[in-house]
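Notes follow the structure.
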Amino acid sequence: MPSRDSSTEAAFARSLRAWYAEHGRKDLPWQVRPTAYGVWVSEIMLQQTQVATVIPYYERFMARFPGVEELAAAPLDEVLGLWSGLGYYARARHLHQAAQQVMHKYGGRLPETLDGLQGLPGIGRSTAGAILSLAWARPHPILDGNVKRVLSRCFLVSGRPGTAGVERRLWGLAEALLPIHGAGVHNQALMDLGARVCTRHRPRCGDCPVEGICAARRHGLQDRYPQPRGRGPGPERFTCFLLLMVEGRLLLQRRPPAGLWGGLWVPPECATEAQVPGRCRELGVAPGGIEILPERLHTFSHFRLRYRPVLVRGTACPGAVRDDDCRWHPLGSPLPGGVPAPVARLLCQLQAHHPRSIP
DNA sequence: AAGTCGGGGGC
DNA sequence: GCCCCAGACTT
């Protein structure tokens with residue numbers, strides 16, 4: 001015997017479906033003739049990233065890697081290159097690794113079970129549910145940021161998001177509201193409602209299909225749900241980026257495969273400006289002119305990085321420093337792989353300031 | 001349960 | 001400035 005009026009769930013799903021049929025977005029790139037692979041790629045890109053930002057990345061990615069096979073066969077550097085600027089690069093590493101697992105454990109076809117999908121790197125319960133419901137119309141719920149916001153408001157789920165009790169209750173609601181038929185459309189509609197009507201600020205309750213069901217609306221508490229996370233700016237770190245130029249080439253090094261900016265290419269670093277000359281000699285370059293550039297700030301979710309670019313013109317030829325993780329990159333030529341956004345900006349400005357300085 | 005992992009959009 | 005976004009992973 002249900003503790004809550006069992007017709008509430010049915011009314012919610014029915015109203016949501018009718019709203020989506022008339023007002024919902026159905027023409028996003030991954031919604032037109034959806035495939036499991038396309039849904040997968042889009043879901044990974046959309047983790048912690050807004051739709052408008054993802055679209056051009058998705059188009060480029062799908063053009064270069066039309067299927068699991070092409071993705072699995074590609075070098076990681078190329079995958080990271082197409083991911084540059086999106087952030088959370090572990091998503092790209094996991095996606096690439098998972099594609100290789102799909103090739104040789106599942107014959108190139110995505111598994112069609114929750115456990116099979118969740119066994120792949122980068123796929124958690126929500127992404128697995130999205131693939132199952134959106135690509136194959138299987139009755140599995142999802143729980144992303146949009147859905148959490150909608151459900152928190154509609155059913156006044158208190159407590160900080162991310163805590164065990166809140167997550168359990170939200171998953172329970174997502175599951176209870178899921179209709180037997182049309183789970184994919186239902187999930188799509190729930191996300192679209194959260195993205196375009198039940199927004200974080202100033203929700204458009206007058207346009208909401210479940211306005212009559214929503215407890216936050218009834219009590220005027222839309223602004224207090226969901227409860228804010230309470231993140232601070234976090235600590236601050238400092239580094240110098242050594243922009244080492246020798247004959248029109250810039251030295252780049254590949255970062256370790258995991259961790260911050262894992263697998264991406266960045267200039268050499270040192271802790272203080274005073275260490276620049278010594279660092280140059282370590283790298284086999286006799287420093288000529290050293291130009292200290294203004295400090296900049298890059299904000300991460302959990303800390304802030306102050307960094308100072310230091311432009312060094314080398315007069316000596318670069319030594320035989322050419323292992324796999326170290327390249328002299330001719331400015332203007334294709335990058336060896338992925339590059340974090342601040343480094344991409346530095347390269348762009350460097351190229352603009354020293355146009356075609358190649359001998 | 002808490003910390004790690006990017007970058008951009010919106011206000 | 002601040003907060004959050006079609007989360008998942010590690011410790």
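The values are calculated or read from the model by the stated rules, or taken from the named source; none is laboratory data. Owing to the predicted nature of the structure, the values given are computational and were not obtained by experimental measurement. Every residue, glycine among them, receives a Cβ derived from its backbone with ideal geometry; neighbour counts consider all protein chains shown.
Data table
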item: Filtered residues of the range A:189-202 (kept if without any contact (Cβ under 8 Å) to a residue 60 or more places away in the chain and within 11 Å of DNA strand B (Cβ to nearest atom)); result: A:T199, A:R200, A:H201, A:R202
item: Qualifying residue in the range A:45-65 (condition: buried (at least 16 other Cβ atoms within 10 Å of the Cβ) and more than 16 Å from DNA strand C (Cβ to nearest atom)); result: yes
item: Counted residues, the range A:229-263 - those being assigned to a loop (DSSP other than H, G, I, E, B) and either within 27 Å of A:P330 (Cβ to Cβ) or without any contact (Cβ under 8 Å) to a residue 40 or more places away in the chain (or both); result: 11
item: Subset of the range A:160-184 that is more than 29 Å from A:E112 (Cβ to Cβ) and surrounded by 15 or more Cβ atoms within 10 Å (Cβ to Cβ) - its residue that is modelled with the lowest pLDDT; result: A:P161
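Each row is one residue, and each column tells you yes or no for (1) within 11 Å of DNA strand C (Cβ to nearest atom); (2) outside the structural domain of A:L71 (by TED's automatic domain parsing); (3) under 30 Å from A:A215 (Cα atoms); (4) small (G, A, S).
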| residue | (1), (2), (3), (4) |
| --- | --- |
| A:A99 | no, no, no, yes |
| A:A130 | yes, no, yes, yes |
| A:A135 | no, no, no, yes |
| A:D144 | yes, no, yes, no |
